[in-house]
Amino acid sequence: MTVPSLTPEQRRALEGVVLAEPVIGRVAAAFADAGHDLHLVGGPVRDALMGRAVHDLDFTTGARPAEIETILRSLTRSTWDIGRAFGTIGASFAAQGGELVVEVTTHRADSYDPSSRKPTVEFGDTLSGDLARRDFTVNAMALSVVTGAFTDPHGGLGDLAAGVLRTPSAPEVSFSDDPLRMMRAARFTAQLGFMAAPDVVEAMTAMAERIDIISAERVRDELSRLLLTDAPRPGLDLLVRTGLAARVVPELAALEAEVDEHGRHKDIYAHTLTVLEQSIDLERARGHAPDLVGRLAAVFHDVGKPPTKRFEGGGKVSFHHHDVVGAKMTAKRLTALRFSTDDVKAVARLVELHLRFHGYADADWTDAAVRRYVRDAGDQLERLHILTRADCTTRNARKANRLRTAYEQLEWRIDELAAAEELDALRPDLDGTQIMAILGIKPGREVGEAYRFLLERRIDAGPLGEERAREELLAWWAER
């Protein structure tokens, strides 16, 4: 078999990363003077060869962490310990393109104890040993910034050309060393548009339960990176097909397992992935950066359907209250994955509200109903717009057009009312201090009741003005 070699274009791309900042030459010279080679390795090499932008510069060397730190400190005052136990020291330099951050790691070989969540780190002495322990062959290529030598012992260049994800060693060995690599395979499937090799898929399937030893925080971070790729659907589908989703996001796996053999309702799993794709398209169309909260909401919006499924008369199927049930399931899962409290609340709120619009398409909403929609969405209104629009996956062109037109009308009415009434700051016409002065009461439960009464009147009738609000408050107080 012929081993692919660098083309002139690829060589120029790699050297361009190194030569783009002259300071890298100074770093290389300092390591060479200390008797060490220094290799650009992993993602930066892969991305340069693919013609992708290179943002992070990761290097590996035979020097131990203390010596790495000494060498870097001879060049810059800005160095820090990223993870000395793992052999990684960071440094920043003033460079032509602004601040340049590099990470230098001692050659190493990680392994996991079957009962441990943390890797056992062993430093190595050779580049070949370091590359052999990397996750995938496309990340196991290196370029010496001292000599210019390109090293590819595991055929990463060929796999890069073929768009295939393989492991440098047997996948069972690689995934046993670090089970999170199974989720990383799904992420690279989405991020790079590659296919996982059959033996990789087979090992992921056989070893799915091994992911259980990985901390929730690391699983969360890898899932988040997957969702924030441009096209996460293939990666999520790989997690589901291999059984990994059943371990880390069982609610998504349950959607795939929901089989409708009689065609009484649409494929919930396929619908969910389509909603995610459409929400990403809407993010871009509306000028937003990739949004983790919105994408999580798309993934979880229908997770309440399997537990609420009921067979009705006439061969129909219902999912009553799946929005409320799904919101609770979502909050529980995201909390278990250690997402922030704010993100958990936001995603669960979107899941709970994702059906609210559907009554609008069939009946004219009053201004009060529109105000309540805005009030209930709060600071999640734009995300709710995106999720609700994305949730229309019908192939019936007439129905799709009707729903799209109805939601455009709703957004127009929200904008119109917002311009007239400051809906983004929806509050009563009187504040708590005014309420207490008018009613002659002290802080307590009654002030809250009065505030909520005036807020409901504000939603029902629009701005009342202070005088009318005072009259209605007093009338309400007299009738209590």
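The values are calculated or read from the model by the stated rules, or taken from the named source; none is laboratory data. These numbers come from a predicted model, not from an experiment. Neighbour counts are summed over all protein chains in view; Cβ atoms, including those assigned to glycine, are modelled from backbone coordinates with ideal geometry. Just the protein is used for accessible areas: all its heavy atoms, side chains included, with ligands, DNA and RNA removed. Shrake-Rupley method; radii C 1.70, N 1.55, O 1.52, S 1.80 Å.
For the range 377-404, what are the residues that are open to solvent by less than 70 Å² (accessible area, probe 1.4 Å) and modelled with pLDDT under 80?
Residues satisfying the conditions are THR394, ALA400, LEU403.
Return only the number of the condition from (1) open to solvent by 30 Å² or more (accessible area, probe 1.4 Å); (2) of a type in the set (S, T, N, Q); (3) under 27 Å from PRO171 (Cα atoms); (4) modelled with pLDDT of 90 or more that SER115 does not satisfy.
Checking SER115 against (1) open to solvent by 30 Å² or more (accessible area, probe 1.4 Å); (2) of a type in the set (S, T, N, Q); (3) under 27 Å from PRO171 (Cα atoms); (4) modelled with pLDDT of 90 or more, the one that fails is (4).
Can you say whether ASP237 is open to solvent by 10 Å² or more (accessible area, probe 1.4 Å), part of a loop (DSSP other than H, G, I, E, B) and over 17 Å from VAL347 (Cα atoms), as far as the supplied structure shows?
The answer is no for ASP237.
Collect the residues in the range 8-55 that are within 21 Å of PHE194 (Cα to Cα) and charged (D, E, K, R), keeping them in residue-number order.
Residues satisfying the conditions are ARG46, ASP47, ARG52.
Give the residues of the range 448-480 that are among the hydrophobic types (A, V, I, L, M, F, W, C) and at pLDDT below 80, sorted by residue number.
ILE459, ALA461, LEU464
Of the numbered conditions (1) part of a strand (DSSP E or B); (2) touching a residue at least 40 places away in the same chain (Cβ under 8 Å); (3) exposed (fewer than 15 other Cβ atoms within 10 Å of the Cβ), GLU99 fails exactly one; give the number of that condition.
The number of the failed condition is (2).
Report the residue count in the range 323-358 for those that are part of a helix (DSSP H, G or I) and open to solvent by less than 40 Å² (accessible area, probe 1.4 Å).
14
Scan the range 143-166 for residues that are part of a loop (DSSP other than H, G, I, E, B) and either touching a residue at least 40 places away in the same chain (Cβ under 8 Å) or of a type outside the set (Gly, Ala, Ser) (or both) and report the count.
Of the residues in the range 143-166, 9 are part of a loop (DSSP other than H, G, I, E, B) and either touching a residue at least 40 places away in the same chain (Cβ under 8 Å) or of a type outside the set (Gly, Ala, Ser) (or both).
Residues being in contact with a strand residue (DSSP E or B) (Cβ under 9 Å, 6 or more places away or on another chain), more than 13 Å from THR137 (Cα to Cα) and open to solvent by 10 Å² or more (accessible area, probe 1.4 Å): count how many of those fall in the range 35-47.
So the answer is 3.
Please identify the pairs in which a residue from the range 170-195 that is without any contact (Cβ under 8 Å) to a residue 24 or more places away in the chain and of a type in the set (Ser, Thr, Tyr) has its Cβ atom under 6 Å from the Cβ atom of a residue that is surrounded by fewer than 21 Cβ atoms within 10 Å (Cβ to Cβ) and in a helix (DSSP H, G or I), counting only partners at least 6 apart or on another chain.
none
How many of the residues making up the range 88-101 are farther than 16 Å from ALA34 by Cβ and in contact with a strand residue (DSSP E or B) (Cβ under 9 Å, 6 or more places away or on another chain)?
Number of matching residues: 8.
Yes/no matrix, rows are residues, columns are (1) charged (D, E, K, R); (2) touching a residue at least 24 places away in the same chain (Cβ under 8 Å):
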residue: THR405; (1), (2): no, no
residue: ARG413; (1), (2): yes, yes
residue: ILE435; (1), (2): no, yes
residue: GLU472; (1), (2): yes, no
residue: ALA475; (1), (2): no, no
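Quick one: what pairs do we get from the range 231-247, first residue touching a residue at least 40 places away in the same chain (Cβ under 8 Å), second open to solvent by 50 Å² or more (accessible area, probe 1.4 Å), C-beta under 7 Å, 6+ apart or different chains?
What qualifies is ARG233/GLU277; THR242/THR205.
With the condition kept exactly as written, say whether any residue in the range 177-187 is under 19 Å from GLY155 (Cβ atoms) and open to solvent by less than 20 Å² (accessible area, probe 1.4 Å).
Looking for residues that are under 19 Å from GLY155 (Cβ atoms) and open to solvent by less than 20 Å² (accessible area, probe 1.4 Å), one finds at least one in the range 177-187, hence yes.
With respect to ALA149, is the statement that it is crowded, with 19+ Cβ neighbours inside 10 Å and of a type in the set (A, V, I, L, M) true?
Criteria not met by ALA149.
Okay, residues lined up against (1) of a type outside the set (Asp, Glu); (2) at pLDDT below 95:
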| residue | (1), (2) |
| --- | --- |
| VAL146 | yes, yes |
| ALA161 | yes, yes |
| ALA170 | yes, yes |
| ALA185 | yes, no |
| THR189 | yes, no |
| GLU202 | no, no |
| MET207 | yes, no |
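Out of HIS354, HIS358, HIS385, report the one residue that is touching a Gly at 6+ places or on another chain (Cβ under 9 Å) and closer than 25 Å to HIS288 by Cα.
HIS354
Hey, among ARG84, ARG73, ARG64, which residue is open to solvent by 80 Å² or more (accessible area, probe 1.4 Å), under 18 Å from PHE123 (Cα atoms) and in contact with a strand residue (DSSP E or B) (Cβ under 6 Å, 6 or more places away or on another chain)?
ARG64
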